[in-house]
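Heads up: the structure comes next, in structure tokens.
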Amino acid sequence: MTKSSIRDENIVYQVAVPSPLREVFDYLPKNPGQSIYPGSRVVVPFGNRTVIGFVISTTSKSQIAPHKLKYIKDILDYEPVVSEEILSILKWSSQYYHHPIGQVLAAALPKKVRGANPVKPMIKIWKSLEFVPEEKLELVENAPRQKALLDLLQQNWLPKADINEAGFSDSVIKELQKKELIFELTKPDFKRETYAPISERNPKAMLLNRDQKSALTAINRTENNFQCFLLYGVTGSGKTEVYMQAMQQHLAKGRQCLVLVPEIGLTPQTLNRLTERFECPIRTMHSGLSDSERLESWNMAREGQAGILIGTRSSVFSPFSDLGIIIVDEEHDNSFKQQEGFKYSARDLAIFRAKKKNIPIILGSATPSLETLQNVQSGKYKQLSLLKTAADTPLPSRLLIDTSKQTITHGLSETLLTKIKKHLDAKKQVLVFINRRGFAPALSCQNCGWVAECSNCMSQKTVHIHPPSICCHHCGEVSELPKKCPACNLSKLETLGVGTQKLETFLRDHFKRTPIFRIDRDSTRHKNQLNEMLDQIAIGESCLMIGTQMIAKGHHFPNITLVAIINADTGLFSPDFRGQEYMAQTITQVSGRTGRANQRGEVIIQTRHASHVALQNFMRGGYNEFASIILEERKNGRMPPFWRLAILKANSRALTTSIKFLASCEDFIQDINNKYHQKVESIGPFPAPLEKRGGKFRAHLMLKSNTQATLQRLLTELVKRLDKIKTKPGLKWYLDVDPADLT
């Protein structure tokens, strides 16, 4: 809706408020004839509270009687803070993911934008009503100075100093204000200055090999049109160089670039590489920044002052003055899917945004998601392949060790320990990957069999040594490390399994002269801890790294020549249908940390299930062949990416309550299917893989269809019906559309 169209005395404003209710709420303007534009913040009464909401749209008719409509108390913005483009994306997201629009806005915008504070430096100005009724004009017929000022303010919106300078006293201003012909508001106090375009050629750019040149040519050919590219390259193949040279073309024309990364840990490294290459202003956006820093980055992108914005998931909603290209690095990573609250996929919304904006988008990965590979096969995306490493070094050799046939010490086989010593003696770096933080996954009594479990979740607590404690990694419950068994009171407690802390303790004792870095969520809690460790590793001196998923992707350490993967088979028997896909992606990504320079790397994979067909397929054909096999299995099993999936989830204090609620939804589903002569399959209800979490019992009802339109039609109708029913106290339900996992 254009600004000029919002000038009706009888206009009703539809406002989204931060509420679990899905609808927008109708309000009347405080001053008739006063314009408020969609995307602006307003202060409104809501129940017995006063809240800040966003104007979403306008209407001339309301289903609520005019005398019952409440009035907007205050207008916070002279112009919309949420652009028409972003507002359109948020409204679509609310409908697709079936999440309340008020909560969608709250999740998408920086905290300071959601509050009452000005989003930019402001100045107070005076303006007249845009539409002045005849009866109001009669009030100034015999007051020429007031009429003259009213005429002036209808042409210009001026600060008080400019009004006084034009010859009008404060008393004239006050009289017009009393007659409600003019009013005071605030407006931005600075002019937008976009960044200066850079040269099309950059002397720091590297020479591209044939595959890189071919990829770049294809990307640049579609700079003013939508095209989704999969940049599929082996680890170390130079995907980032292709990104940067593609960005160069847009920056040279004054356009902006959005780079999405899956985790905060990758942001500093990406920032350093882009800062070294480009002279334009570059900003970051992630949860590690303060509220003021996030607002500044948001504003600089919005005003065109930042040429590049690097950010995590929510950055996909950032406003831009002239966005030219979007890059999603490590597109397969499920960190791009928000798991709590507004459950959106940043990757999918980035593609949606690029299509609406008619600009190219690059999805980069050495292990593309099966959804992306299927879109390539169907012709929706175009694949650009980088089949060799940038340094043209051979791919790392891989060795599978069957730990059921070897002596294991603290999770490490004799063969692996020998290999680690060999590489360290050669002054190289070694990475040991184990996706279990803490000292040990479990604490058990050897006398009575007691196991330390979380009281809130149906899971075992993990043992931590620094500080001594047992912690639930699902809900965060922490308790002291017991000295005696709570069940039999004997001192026969032992840890089971191996975590990063236990591995670190053993390796420090085994390789006393070697620097050891443990990189997990516990060792990097404080600001800059991760960066400091990565900087030390980057020097290239011989060291041992012990890491979880945080170190598995994106990082470039040329002197790593050995990667060891412990417990590689955890995904083989996952209750999640994506478990084997994630396992293959993790192994490939971790393996890619070695062999990145002019020296061949080595990868050792430890498993107790070396003969498993999935592992054998992966070892024989690599990720590409493995993905082809899994895709065929998914097709035969009518699962994503060939079928669309949603999960209706319920949680309550009793599992039977959750199950019964979901079972009652089956009647709705059957009725909707009959109404539209369609068939959306339902599976369940059944307990969630993690049955109890945070004190609540969780159950799932899986819904799937062979088309998105069919599934969305059912979900839209189902949500409307569920919103009208009264559920048992304590029971909550929600939808997860296109779930990344089944937990």
Next item on the list: Give the range 299-324 a look and list any residue that's over 19 Å from the mean Cα position of the chain (by Cα), buried (at least 18 other Cβ atoms within 10 Å of the Cβ), part of a loop (DSSP other than H, G, I, E, B) and not hydrophobic (A, V, I, L, M, F, W, C), or say none.
Entry: 303, 304, 305, 307, 321
Next item on the list: Select from the range 403-416 the residues that are in contact with a Ser or Thr (Cβ under 7 Å, 6 or more places away or on another chain) and touching a residue at least 12 places away in the same chain (Cβ under 8 Å) and write down the one among them that is farthest from residue 622 (Cα to Cα).
Entry: 413
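What strands (runs of 3 or more DSSP E), lying completely within the range 435-545, carry at least 3 residues that are crowded, with 18+ Cβ neighbours inside 10 Å? Spell out the reasoning first.
Working: elements: 442-445, 462-464, 469-471, 478-480, 493-496, 516-519.
Where strands (runs of 3 or more DSSP E) fall fully within the range 435-545 and carry at least 3 residues being crowded, with 18+ Cβ neighbours inside 10 Å, they are 442-445, 462-464, 516-519.
Check 361, 327 and return the single one that is over 16 Å from residue 267 (Cα atoms), among the β-branched types (Val, Ile, Thr) and surrounded by 24 or more Cβ atoms within 10 Å (Cβ to Cβ). Spell out the reasoning first.
Numbers: 327 fails: over 16 Å from residue 267 (Cα atoms).
None of the others qualify; the one that does is 361.
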Check: For the range 127-183, what are the residues that are touching a strand residue (DSSP E or B) at 6+ places or on another chain (Cβ under 7 Å), under 22 Å from residue 10 (Cβ atoms) and not hydrophobic (A, V, I, L, M, F, W, C)?
Finding: 127, 128, 154
Next item on the list: Go over the candidates 470, 519, 537 one by one and state the one that is over 24 Å from residue 428 (Cα atoms) and either modelled with pLDDT under 90 or under 25 Å from the mean Cα position of the chain (by Cα) (or both).
Entry: 470
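Could you list, in sequence order, all residues of the range 546-590 that are free of Cβ contacts under 8 Å to residues at least 24 places away in the same chain, of a type outside the set (S, T, N, Q) and part of a loop (DSSP other than H, G, I, E, B)? Walk me through it before giving the result.
Within the range 546-590, the subset free of Cβ contacts under 8 Å to residues at least 24 places away in the same chain is 571, 573-574, 579.
Still in the running and of a type outside the set (S, T, N, Q): 571, 573, 579.
Result: 571, 573.
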Notebook entry, point to check: Pick from the range 707-731 the residues that are farther than 13 Å from residue 665 by Cα and modelled with pLDDT under 95: which of them is nearest to the chain's Cα centre (by Cα)?
Noted result: 730
Note to self: Kindly evaluate residue 649 against the criterion of being assigned to a helix (DSSP H, G or I) and of a type in the set (Lys, Arg).
What the structure shows: no
Check: If a residue has to be assigned to a strand (DSSP E or B) and under 30 Å from residue 508 (Cβ atoms) to count, how many in the range 362-418 make the cut?
Finding: 10
Margin query: Can you confirm whether residue 287 is assigned by TED's automatic domain parsing to the domain that holds residue 219, touching a residue at least 40 places away in the same chain (Cβ under 8 Å) and not charged (D, E, K, R)?
Written below: no
Item checked: Check on residue 225, touching a Pro at 6+ places or on another chain (Cβ under 8 Å) and either within 30 Å of residue 328 (Cβ to Cβ) or modelled with pLDDT of 90 or more (or both) -> yes
Checklist line | Verdict on residue 580 being buried (at least 21 other Cβ atoms within 10 Å of the Cβ), under 30 Å from residue 683 (Cβ atoms) and not basic (Lys, Arg) | finding: yes
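Taking the range 134-168, which residues are touching a residue at least 24 places away in the same chain (Cβ under 8 Å) and small (Gly, Ala, Ser)?
We begin by selecting, within the range 134-168, every residue touching a residue at least 24 places away in the same chain (Cβ under 8 Å); these are 136, 139-140, 143, 145-146, 149-150, 153-154, 157-160, 163.
The answer is 143, and nothing else.
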Check: So, in the range 391-413, of the ones that are among the aliphatic types (A, V, I, L, M) and touching a helix residue (DSSP H, G or I) at 6+ places or on another chain (Cβ under 7 Å), which residue ends up surrounded by the fewest Cβ atoms within 10 Å (Cβ to Cβ)?
Finding: 400
Next item on the list: Would you mind telling me which numbered condition in (1) under 19 Å from residue 89 (Cβ atoms); (2) in contact with a Gly (Cβ under 9 Å, 6 or more places away or on another chain); (3) without any contact (Cβ under 8 Å) to a residue 60 or more places away in the chain residue 37 fails?
Entry: (2)
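Whether any residue in the range 379-388 is under 30 Å from residue 290 (Cβ atoms) and at pLDDT 95 or above is what I want to check. It would help to see each step written out before you state the result.
If we filter the range 379-388 for residues that are under 30 Å from residue 290 (Cβ atoms), which is where we start, we get none.
Among the residues of the range 379-388, not one is under 30 Å from residue 290 (Cβ atoms) and at pLDDT 95 or above, which makes the answer no.
One line per residue, one yes/no per condition, for (1) of a type in the set (A, V, I, L, M, F, W, C); (2) closer than 22 Å to residue 694 by Cβ; (3) not assigned by TED's automatic domain parsing to the domain that holds residue 340:
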| residue | (1), (2), (3) |
| --- | --- |
| 460 | no, yes, yes |
| 463 | yes, yes, yes |
| 466 | no, no, yes |
| 471 | yes, yes, yes |
| 475 | yes, yes, yes |
| 479 | no, yes, yes |
| 482 | no, no, yes |
| 491 | no, no, yes |
Note to self: Go through the range 185-211 and report how many residues are modelled with pLDDT under 85 and not in a loop (DSSP other than H, G, I, E, B).
What the structure shows: 4
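Looking at residue 649, is it among the basic types (Lys, Arg) and more than 15 Å from residue 737 (Cα to Cα)?
Details: among the basic types (Lys, Arg): yes; more than 15 Å from residue 737 (Cα to Cα): no.
In short, no.
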Check: Here are some residues: 416, 349. Which one is outside the structural domain of residue 270 (by TED's automatic domain parsing) and not β-branched (Val, Ile, Thr)?
Finding: 416
Note to self: Quick check on my filter: what residues within the range 164-219 are in contact with a Pro (Cβ under 9 Å, 6 or more places away or on another chain) and farther than 28 Å from residue 36 by Cα?
What the structure shows: 195, 219
Checklist line | Check on residue 83, at pLDDT 90 or above and surrounded by 20 or more Cβ atoms within 10 Å (Cβ to Cβ) | finding: no
Note to self: Being more than 21 Å from residue 196 (Cβ to Cβ) and not in a helix (DSSP H, G or I) is the filter here; which residues of the range 240-298 pass it?
What the structure shows: 260, 261, 262, 263, 285, 286, 287, 288, 289, 290
Next item on the list: Would you check if residue 141 is within 43 Å of the chain's Cα centre (by Cα) and either of a type in the set (A, V, I, L, M, F, W, C) or farther than 30 Å from residue 317 by Cβ (or both)?
Entry: no
Check: If you go through the range 33-51 one residue at a time, do you hit one that is at pLDDT below 85, touching a Phe, Trp or Tyr at 6+ places or on another chain (Cβ under 9 Å), surrounded by 13 or more Cβ atoms within 10 Å (Cβ to Cβ) and not small (Gly, Ala, Ser)?
Finding: yes
Note to self: Of the conditions (1) part of a helix (DSSP H, G or I); (2) among the β-branched types (Val, Ile, Thr); (3) free of Cβ contacts under 8 Å to residues at least 24 places away in the same chain, residue 86 satisfies every one except a single condition; which number is it?
What the structure shows: (3)
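Anything in the range 592-636 that is part of a loop (DSSP other than H, G, I, E, B), among the charged types (D, E, K, R) and over 19 Å from residue 368 (Cα atoms)? List them, or say none.
Narrowing the range 592-636 to residues part of a loop (DSSP other than H, G, I, E, B): 592-601, 608-612.
Right, trim to among the charged types (D, E, K, R) and you get 593, 596, 600, 608.
Correct list: 596, 600, 608.
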Next item on the list: Out of the residues in the range 673-720 that are aliphatic (A, V, I, L, M) and under 30 Å from residue 473 (Cα atoms), state the one that is surrounded by the most Cβ atoms within 10 Å (Cβ to Cβ).
Entry: 699
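The values are calculated or read from the model by the stated rules, or taken from the named source; none is laboratory data. Predicted model only: the values in this text are computed from it and were never measured. Don't worry about glycine lacking a Cβ; one is built from the backbone with ideal geometry, like all the others, and counts go over all protein chains shown.
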